[in-house]
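Everything on this sheet refers to the single structure shown next.
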Amino acid sequence: MHEEMNVAKVDGGTAMQKVSGIVRTYPSIWQGTVVDVGCRTRELEAALSGRQVRYVGVDLDPAAEVVADLGDRLPFEDRSVEVVTAFDVLEHTDDIHRGFSELCRVAREHVVITLPNCYEVGTRVRHLRGKPISAKYGLPTSPPADRHRWFFSLEDARGFVRSASSRHGWRVTDERALLGPRRQRIGRAVCRWPNLLCATYLVRLQPCS
């Protein structure tokens with residue numbers, strides 16, 4: 001799979017800047033109830049400020065409105081909310097396939113997901129130098145509170161999302177390389193070689209019917 005990709009631009013490297021960039025990329029979809037799976041510190045709620053939406057944060061953290069595990073069953077009825085998001089969440093689950101199916105089950109109009117590309121150039125260079133690639137990997141001396149369970153390329157992610165969405169009656173309607181300011185300067189190259197130069201994969205799904 002060597003298709004070129006469009007890009008989505010963000011203003012910097014913080015979680016808030018990243019989520020704000022995603023909201024700007026899809027300005028018309030944020031309506032009704034928005035369920036933010038893996039809401040962490042609720043950047044999406046802040047990015048949606050001023051819009052007529054009902055925001056619901058879902059997380060393992062007791063501070064969330066809904067405390068739930070994406071690897072289990074989310075406590076929502078089938079097709080009960082307009083938009084479901086999972087930003088940098090699926091790679092943390094033990095059962096990524098079940099987690100993906102839950103996003104599709106709960107949503108009615110849009111699912112928006114980001115996934116990391118563990119094959120991007122920065123990660124490859126760190127591997128070559130024998131350096132750790134992230135605190136989410138490696139072998140810590142004490143049990144970590146959280147970590148990534150999956151190590152995959154952008155091409156793997158695209159193939160997974162397309163296949164899994166089709167099985168659940170959804171389709172990919174937009175996919176992009178999510179770029180901060182430094183990578184934006186080489187945006188054309190990122191579009192051509194996303195598996196090498198794109199660190200984050202952004203995809204929007206809609207129902208097939």
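The values are calculated or read from the model by the stated rules, or taken from the named source; none is laboratory data. Owing to the predicted nature of the structure, the values given are computational and were not obtained by experimental measurement. Reconstructed Cβ throughout: ideal geometry from the backbone, glycine too, with neighbour counts over all protein chains shown. Just so you know, the surface numbers come from the protein's heavy atoms only, side chains and all, with ligands and any DNA or RNA stripped out. Shrake-Rupley method; radii C 1.70, N 1.55, O 1.52, S 1.80 Å.
Once Lys and Arg get +1 and Asp and Glu get -1 on their Cβ, which of Ser163, Ala8, Leu70 lies farthest toward the positive end of the dipole of the chain?
After comparing all options, I get Ala8.
Ranked highest first by average number of other Cβ atoms within 10 Å, how do 194-207, 149-162 line up?
194-207, 149-162
Quick check: from the Cα gyration tensor, does the range 60-107 come out rounded (a/c under 1.5), prolate or oblate?
oblate
Restrict the search to the range 93-129; then list the trypsin sites (Lys or Arg not before Pro) that DSSP places in a loop and that have at most 15 other Cβ atoms within 10 Å of their Cβ.
Arg129
Go ahead and estimate [θ] at 222 nm for the chain from helices alone: -39,500 (n - 2.57) per DSSP H run with n ≥ 4, summed, over the residue count, rounded to 500.
-8000 deg cm²/dmol
Give me the percent of DSSP beta bridges within the chain that run antiparallel, rounded to the nearest 5.
40
Using a probe of 1.4 angstrom, how much of the accessible area of the chain is carbon and sulfur, in percent?
Solvent-exposed carbon and sulfur of the chain make up 50 percent of the total.
When 1/r is averaged over all different Cα pairs and the result inverted, which Kirkwood radius in Å belongs to the range 1-122?
15.1
Would you mind estimating how fast the range 134-186 diffuses translationally, via Stokes-Einstein at 20 °C and 1.002 mPa s with the Kirkwood radius over Cα pairs, in µm²/s?
In µm²/s, the coefficient is 149.
State, as an integer percentage, the relative contact order of the chain based on alpha-carbon contacts under 8 Å between residues 6 or more apart.
Averaging sequence separation for qualifying contacts and normalising by length gives 24 percent for the chain.
So how strong a dipole does the chain carry about its Cα centre when Lys and Arg Cβ are +1 and Asp and Glu Cβ are -1, to the nearest 20 debye?
920
Once you have the Kirkwood Rh of the range 90-130 from its Cα pairs, apply Stokes-Einstein at 4 °C and 1.567 mPa s and quote D in µm²/s.
In µm²/s, the coefficient is 104.
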